[in-house]
Amino acid sequence: MLRTLLQQVPFLTPEDIDAFVPLWKKRVQLNRYDFLIRQGQVEQGLYFVVSGALRIYFPLPDEEICVGFGYSNTLLVSFPSFVDAKPSAYYIQALRRSELLGISKKDFMQLMAQQPNIKKFWYQELEKALVGKIEREVDLLLPEPEQRLQRVMQRSPHLFQHIPKKYIASYLRMSPETLSRLKV
């Protein structure tokens, strides 16, 4: 699955892919509600979601704020912890049975140093993630729940196929009841 996805990246050569794929050595199986990472752990790798659905959330005393999701064919990481090698402020939890492949940060960084196209691929993924985070910031600043929902539905309609609505409501910073009233 990972190889097939990488073959769709126009600038990755067969040699790049052959060097990249074997480094995804860590196989992770999570049951519903299992954690990939807990607050306080240092992120040691980058993950590719083979199957399942996961959420990234920030815990508060009275609620959990959903800040992102992972589902089939996406990359997943507690990004601040991965970059800074500091304890994660977030949890990553499976919402249903999930299978992931992981690559260690060390292997990934070494490969980027050796394969310029892998570095280009990573930068492209970072650019997409940054654009997504800016769009999400705009979503959260909109006063009307209908506007927030409409923007997310236009940008990521697949969320509603993979993620339970109560977590989408948290992501949109509204109650599940408000989301239900909006007739998703």
**OP:** Treat every Asp and Glu Cβ in the chain as -1 and every Lys and Arg Cβ as +1, leave all other atoms uncharged, and give the resulting dipole magnitude about the Cα centre to the nearest 20 debye.
**Re:** 360 debye
**OP:** Under a 10 Å cutoff between Cα atoms, tell me which one of D16, D34, D84 has the largest fluctuation in the Gaussian network model of the chain.
**Re:** D84
Original post:
If each Cα of segment 35-117 is one equal point scatterer, what is log10 of I(q)/I(0) from the Debye formula at q = 0.16, 0.26, 0.27 Å⁻¹?
Top reply: -0.61, -1.27, -1.32
Original post:
Out of Q44, P143, T178, whose Cα points farthest toward the positive end of the dipole of the chain (charges: +1 Lys, Arg; -1 Asp, Glu; placed on Cβ)?
Top reply: T178
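May I ask for the longest run of the chain untouched by trypsin sites (Lys or Arg not before Pro) that are loop-located per DSSP and have at most 11 neighbouring C-beta atoms (other than their own) within 10 Å?
Working: sites that count: K25, K183.
Longest gap between qualifying sites, sites excluded: 26-182.
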**OP:** List the extent of the Cα atoms of segment 1-54 along each of their three principal axes, largest first, rounded to whole Å.
**Re:** 37, 22, 17
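Can you work out the accessible area per residue across segment 59-184, with the rest of the protein chains kept in place, probe 1.4 Å, in square angstrom? Each step should come with its number before you reach the end.
Values: 7180 Å² over 126 residues.
Heavy-atom SASA per residue in segment 59-184 reads 57 Å².
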Original post:
What is the P(r) of segment 116-184, as percent of Cα-Cα pairs per 10 Å bin from 0?
Top reply: 19, 46, 22, 11, 2
**OP:** Provide, for q = 0.08, 0.15 Å⁻¹, the log10 of I(q)/I(0) from a solvent-free Debye sum over equal Cα point scatterers in the chain.
**Re:** -0.27, -0.94
Original post:
Rg (Å, one decimal) plus Dmax (Å, integer) for the alpha carbons of segment 85-128?
Top reply: 13.7, 36
Original post:
Roughly how many nanometres apart are two label points built 7 Å out from the Cα toward the Cβ at E63 and T13?
Top reply: 5.1 nm
**OP:** Over 20 Å between C-alpha atoms is what I'm after, so list which of K26/K105; K86/K106; K26/K106; K25/K86 land there.
**Re:** K25/K86
Original post:
What per residue convex hull volume, in Å³, comes out for segment 73-168 when only alpha-carbon positions are used?
Top reply: 136 Å³
Original post:
For a label point 7 angstrom out from the Cα of F160 toward its Cβ, which stretches of segment 119-150 have the backbone nitrogen within less than 16 Å?
Top reply: 145-150
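Based on the Cβ-Cβ distance of E146 and A89, what FRET efficiency does E = 1/(1 + (r/R0)^6) give at R0 = 45 Å, to the nearest 0.05?
Numbers: r = 30 Å, r/R0 = 0.68.
That gives a FRET efficiency of 0.90.
The values are calculated or read from the model by the stated rules, or taken from the named source; none is laboratory data. What you see is a predicted model, and the numbers here were worked out from it, not measured in a lab. Cβ atoms come from the backbone with ideal geometry, glycine included; neighbour counts cover every protein chain shown. Surface areas here come from the heavy atoms of the whole protein model, side chains and all, with no ligands, DNA or RNA. Shrake-Rupley method; radii C 1.70, N 1.55, O 1.52, S 1.80 Å.
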